[in-house]
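Here the structure comes first, spelled out in structure tokens, and everything after it is commentary.
The values are calculated or read from the model by the stated rules, or taken from the named source; none is laboratory data. Every value quoted in this text rests on a predicted model; they were computed, and no experiment measured them. Don't worry about glycine lacking a Cβ; one is built from the backbone with ideal geometry, like all the others, and counts go over all protein chains shown. What goes into the accessible areas is simple: the full protein's heavy atoms, side chains included, and nothing from ligands, DNA or RNA. Shrake-Rupley method; radii C 1.70, N 1.55, O 1.52, S 1.80 Å.
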Amino acid sequence: MSGTFVGMPAFPAAAREAVRDDTLRANLRHATHTIRDKRAAAVAEVSDWAALREAGKQIKEHTLRNLDRYLVRLEESVTAAGGTVHWAADADEANRIVTRLVQETGESEVVKVKSMATQEIGLNEALEAAGISAYETDLAELIVQVGKDRPSHILVPAIHRNRREIRDVFRAEMGEWGRPAPEGLTDEPAALAEAARLHLREKFLRAKVAVSGANFMVAETGTLVVVESEGNGRMCLTLPETLISVVGIEKTVPTWRDLEVFLQTLPRSSTAERMNPYTSMWTGTTDDDGPRNFHLVLLDNGRTDTLADDVGRQALRCIRCSACLNVCPVYERAGGHAYGSVYPGPIGAILSPQLRGTRSEIDASLPYASSLCGACYEVCPVAIDIPEVLVHLRERIVQGGPVTRGGEKVVLKPAKGHAAERAAMRAASWALARPGALRTGQRLAARTRRLHPQTLPGPGRAWTDSRDLPAVPAEPFRDWWQRTREGKDGPQ
């Protein structure tokens, strides 16, 4: 994945710094609460939401289990429609392909549709190194780029900025990227949007090459789909002569009919709309309509390795709605930058460590960036059991074991710094397998509860530094049951 976030500290350190920023926390709290409330109302309008959610899950699961077949079908369909398909095993290969394609046009700048896949591989940085300027056209991505910032949310990359901060960024930095901000720019949303529109319009009309991602790819027809709210994406998809789309292989769906499900669940879960204002679809090339050249770069970059994990592969069902971020108490307080990845929040905590591995401090810490409250699973429109995957990845980090890396089976060593956790889990396993020992330990803990410390010593101090140590009840449940209920309810 991209080196953009290399050097980030582990999540606990980054989050500790973020929660001290009162402005950041206020921005996040206001934005996430607003979005989650609107989403809840939009979902409540649909009487068969549970059925749609299950249908989305099953379509994605079926596709992932047969992805090899559907990718071949997709390539055939795109090629038959006049497009060209390129396969990229990793970020470096994808960047080389896109850079070469742009250079072959003779152009030195591109306009971009919002794309997390291109952020994942660090495409903007790779193009810049080759002397090619890449201009983001999504409003939030424009704010991030102009402000020399990093995205902090899947749907709203500039969610950590309030409108006064955005005004200041536009005033100070917009001129460096093209048309400067109007004189006397205020922080009114309409004024900020107009400043962005004027800035971007000249780029749309001048650009000969565009780069996009896609929300879905239909194997049956070779159709790509982009949903958005502003219309900037459609300008990129229709005006330039050459269109290059970089898309993760997991974005494939088998048939046109499958879109019906996702075009209902995605807008309601993301922007709380019944449908997206702009839903753009294109199939190859057509004479005198849209780009003359279309290239599709199919990106793996760790996805095949993730697919080999029976538990972890459900992360690839994600349709990037960001609903899990908006309900997550950890994300709300820490913000997206603390995750050290273009995929923040609960989905990032399970996706990034699988795509990138867990060798770095930040990736090894991400599965612990959760309270396991389960709110993320409840709102996921494709029913990804994020808490299950988090626990699965925690076990992998602590215990080590077999994983797939680069298409080959390797055995991970247990991560450093988890010796006490491994010892505690072994002790718990021994006690839970022996009812007599467990009963004795519970009674001993209850009778000595007044002597228990408020914080744990040694390695346990890291746990109680941020949590209250639960109080031990005066009586174990087993003893209470025997004293009050046993024999009164009849045979069980």
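So that you can scan it fast, the table gives a plain yes or no per residue for (1) under 30 Å from ALA172 (Cβ atoms); (2) open to solvent by 40 Å² or more (accessible area, probe 1.4 Å):
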site	(1), (2)
GLY82	no, yes
VAL85	no, no
GLU120	yes, no
ALA129	yes, yes
LEU139	yes, yes
VAL144	yes, no
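Name the residues in the stretch 43-80 that are in contact with a helix residue (DSSP H, G or I) (Cβ under 6 Å, 6 or more places away or on another chain) and surrounded by fewer than 18 Cβ atoms within 10 Å (Cβ to Cβ), would you?
TRP49
How many of the residues in the stretch 284-341 are over 30 Å from ILE97 (Cβ atoms), open to solvent by less than 10 Å² (accessible area, probe 1.4 Å) and of a type in the set (A, V, I, L, M, F, W, C)?
Of the residues in the stretch 284-341, 4 are over 30 Å from ILE97 (Cβ atoms), open to solvent by less than 10 Å² (accessible area, probe 1.4 Å) and of a type in the set (A, V, I, L, M, F, W, C).
One line per residue, one yes/no per condition, for (1) within 24 Å of VAL246 (Cβ to Cβ); (2) touching a helix residue (DSSP H, G or I) at 6+ places or on another chain (Cβ under 8 Å); (3) in a helix (DSSP H, G or I); (4) modelled with pLDDT under 95:
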| residue | (1), (2), (3), (4) |
| --- | --- |
| HIS295 | yes, yes, no, no |
| THR306 | yes, yes, yes, no |
| GLN314 | yes, yes, yes, no |
| CYS321 | yes, yes, no, no |
| ASN326 | no, yes, yes, no |
| GLU332 | no, yes, yes, no |
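So, LEU155, is that one of a type in the set (A, V, I, L, M), in a helix (DSSP H, G or I) and under 22 Å from the mean Cα position of the chain (by Cα) or not?
no
Within the stretch 93-114, which residues are in contact with a helix residue (DSSP H, G or I) (Cβ under 8 Å, 6 or more places away or on another chain) and either of a type in the set (A, V, I, L, M) or within 20 Å of SER352 (Cβ to Cβ) (or both)?
Residues satisfying the conditions are ALA94, ASN95, VAL98, VAL102, VAL110, VAL111, VAL113, LYS114.
To keep it simple, each residue is scored yes or no on (1) closer than 18 Å to GLU475 by Cβ; (2) among the acidic types (Asp, Glu); (3) open to solvent by less than 70 Å² (accessible area, probe 1.4 Å).
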position: ALA427; (1), (2), (3): no, no, yes
position: ALA437; (1), (2), (3): no, no, yes
position: ARG443; (1), (2), (3): yes, no, no
position: LEU451; (1), (2), (3): yes, no, no
position: GLN454; (1), (2), (3): no, no, no
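Give, as residue ranges, the strands (runs of 3 or more DSSP E) completely inside the stretch 216-264 that count at least 3 residues that are open to solvent by 30 Å² or more (accessible area, probe 1.4 Å) and not charged (D, E, K, R).
In the stretch 216-264, there are no strands (runs of 3 or more DSSP E) which contain 3 or more residues that are open to solvent by 30 Å² or more (accessible area, probe 1.4 Å) and not charged (D, E, K, R).
Residues in the stretch 64-83: is at least one touching a residue at least 24 places away in the same chain (Cβ under 8 Å), under 12 Å from LEU298 (Cβ atoms) and not in a helix (DSSP H, G or I)?
yes
Would you mind telling me which numbered condition in (1) open to solvent by less than 20 Å² (accessible area, probe 1.4 Å); (2) hydrophobic (A, V, I, L, M, F, W, C); (3) part of a loop (DSSP other than H, G, I, E, B) LEU192 fails?
(3)
With the requirement that a residue be open to solvent by less than 10 Å² (accessible area, probe 1.4 Å), farther than 20 Å from ARG39 by Cβ and at pLDDT 95 or above, what does the stretch 342-362 give you?
ALA349, ILE350, LEU351, SER352, PRO353, GLN354
Under 9 Å by Cβ, and 6 or more places apart or on different chains, what pairs join a residue from the stretch 252-274 that is closer than 20 Å to LEU67 by Cα with one that is part of a loop (DSSP other than H, G, I, E, B) and aliphatic (A, V, I, L, M)?
Hits for this filter: THR252/ALA219; VAL253/ALA219; PRO254/ALA219; THR255/ALA219; PHE262/ILE319; PHE262/VAL382.
Just wondering, is there one or more residues in the stretch 457-473 that are surrounded by 12 or more Cβ atoms within 10 Å (Cβ to Cβ) and more than 36 Å from the chain's Cα centre (by Cα)?
yes
If I filter the stretch 390-424 down to residues being at positive phi and either assigned to a strand (DSSP E or B) or under 24 Å from the mean Cα position of the chain (by Cα) (or both), which single residue comes out as surrounded by the most Cβ atoms within 10 Å (Cβ to Cβ)?
Only one residue tops the list, namely GLY401.
Out of the stretch 86-115, which residues are free of Cβ contacts under 8 Å to residues at least 40 places away in the same chain and not in a helix (DSSP H, G or I)?
GLY106, SER108
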